Amino acid sequence: MDLSTVSGTGPRGRIKKRDIDAALAGRPDRSGGIQTEPTESPASHVATPATARRTAPAVLIHGFGADRSVWRQVVPLLEPDVTTVSLDLPGHGAEAARPAKSIEEIAFALSDQLEAMGVRDAHLVGHSLGGAAALALTRIGRLTVRSVTLLAPGGLGPEINAGFIAGLARSTTVQALERWLAVMVGDPRTLPAGYAQAALRQMEKNGNRDVLASMAEALFPDGTQGFDLTPALAELGVPTRLVWGKLDRVAPAAHAARAPGFAAVHLLDGVGHVPQIEAPALTARLIAETVRSCG
């Protein structure tokens, strides 16, 4: 096959296996006919809302400087029929060696992860930078999105606490990291015991301190959010919910006012930037309600 004749659907036109399969499916066979995929009845492609809710997992996407373990308090509190898939952002956790410099690169990397897992339908749940990534994912068109739940999402305004972002990426001692993590929550007592020590140990294990600093400079140039996802939010045609702590000192809760009229907005008293840590039971309830609203 001449690859120059194949249109790639991957990041920046990268040719994926599915592109090869699609091209081969359209080649003439020896009898002069056209090779096609086995057909199914139209009804086999139609999922009822309840079926979509049961079969599509909730894909959990963490924020900058964290990893997928940040959801460990929420997952056990979700309803039994809500299955979850937790992803690591590029440059974080298991993906520490594969950074990204733009929200689009992040979205394509997450899309590749989901494709490798065989996930084609999902309820997206994103926190902070992960919320921006979730919105960017909806625009790629490689995933059927059933619902969207955003916790203090990025991309809805230029303001961001640049000092917090830099401090999170550059902290080398538990004491320094503890002080920055205190900025993240409404009440420092809500942070799990030993959280800063565990986070610092994980960063040292991954060896991604410089990667995080580089990503921070690219994603938040001159102390602003370098991406605008308000159009993507306005374009959503699925159940959508925004959850924001009124005491958020990282991304202003005022950004929630930019949510379109169809989106449910919850402003939480006494909560800062990480509802999944500060109010895990309520966060789990709101995620489940968004998923359940599909049918």
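The values are calculated or read from the model by the stated rules, or taken from the named source; none is laboratory data. Predicted, not measured: the structure shown is a model, and the values here were computed from it. Glycine gets a Cβ as well: all are built from the backbone with ideal geometry, and neighbour counts include every protein chain shown. Surface accessibility is based on the protein's heavy atoms, side chains included, excluding ligands, DNA and RNA. Shrake-Rupley method; radii C 1.70, N 1.55, O 1.52, S 1.80 Å.
Some notes on this structure:
- Applying the criterion of being outside any strand (DSSP E or B) and without any contact (Cβ under 8 Å) to a residue 60 or more places away in the chain to the residues of segment 77-89, the residue that is nearest to Ala216 (Cα to Cα) is Leu89.
- Filtered by the rule that a residue be surrounded by 19 or more Cβ atoms within 10 Å (Cβ to Cβ) and either under 17 Å from Leu247 (Cα atoms) or in contact (Cβ under 8 Å) with a residue 24 or more places away in the chain (or both), segment 167-177 gives Leu168, Ala169, Ser171.
- Complete set of residues in segment 65-76 that are farther than 14 Å from Leu110 by Cβ and either in a loop (DSSP other than H, G, I, E, B) or open to solvent by less than 10 Å² (accessible area, probe 1.4 Å) (or both): Gly65, Ala66, Trp71, Arg72, Gln73, Val74
- Given (1) modelled with pLDDT of 95 or more; (2) surrounded by fewer than 24 Cβ atoms within 10 Å (Cβ to Cβ); (3) of a type outside the set (Ser, Thr, Tyr); (4) within 15 Å of the chain's Cα centre (by Cα), index of the condition Asn161 fails: (4)
- Among the conditions (1) of a type outside the set (Phe, Trp, Tyr); (2) within 30 Å of Val211 (Cα to Cα); (3) at pLDDT 95 or above; (4) touching a helix residue (DSSP H, G or I) at 6+ places or on another chain (Cβ under 6 Å), Ala96 misses just one, which is (3).
- In the set (1) touching a strand residue (DSSP E or B) at 6+ places or on another chain (Cβ under 9 Å); (2) free of Cβ contacts under 8 Å to residues at least 12 places away in the same chain, Pro221 fails one condition alone, (1).
Okay, residues lined up against (1) part of a helix (DSSP H, G or I); (2) surrounded by 15 or more Cβ atoms within 10 Å (Cβ to Cβ):
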residue	(1), (2)
His123	no, yes
Arg142	no, yes
Val148	no, yes
Ile165	yes, yes
Arg179	yes, no
Gly186	no, yes
Pro192	no, no
Gln197	yes, no
Gln202	yes, yes
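- Selection count, segment 228-253, where residues are surrounded by 20 or more Cβ atoms within 10 Å (Cβ to Cβ) and within 13 Å of Gly157 (Cβ to Cβ): 8
- Condition met for Ala256 (touching a strand residue (DSSP E or B) at 6+ places or on another chain (Cβ under 6 Å) and at pLDDT 95 or above): yes
- Scanning segment 259-277 for residues that are over 27 Å from Leu143 (Cβ atoms) and open to solvent by 30 Å² or more (accessible area, probe 1.4 Å) yields Leu267, Asp269, Gly270.
- Out of Ala256, Ala218, Ala288, one residue alone is within 18 Å of Ala136 (Cβ to Cβ) and either of a type in the set (Ser, Thr, Tyr) or not in a loop (DSSP other than H, G, I, E, B) (or both). It is Ala218.
- Selected residue (criterion: nearest to Ala58 (Cα to Cα)) from residues of segment 128-140 that are open to solvent by 10 Å² or more (accessible area, probe 1.4 Å) and of a type outside the set (A, V, I, L, M): Thr138
- Any hit, segment 30-50, residues being modelled with pLDDT under 55, acidic (Asp, Glu) and either open to solvent by less than 60 Å² (accessible area, probe 1.4 Å) or farther than 23 Å from Val183 by Cα (or both): yes
- Looking only at segment 264-285, residues that are hydrophobic (A, V, I, L, M, F, W, C) and either within 18 Å of the chain's Cα centre (by Cα) or part of a helix (DSSP H, G or I) (or both) come to 5 in all.
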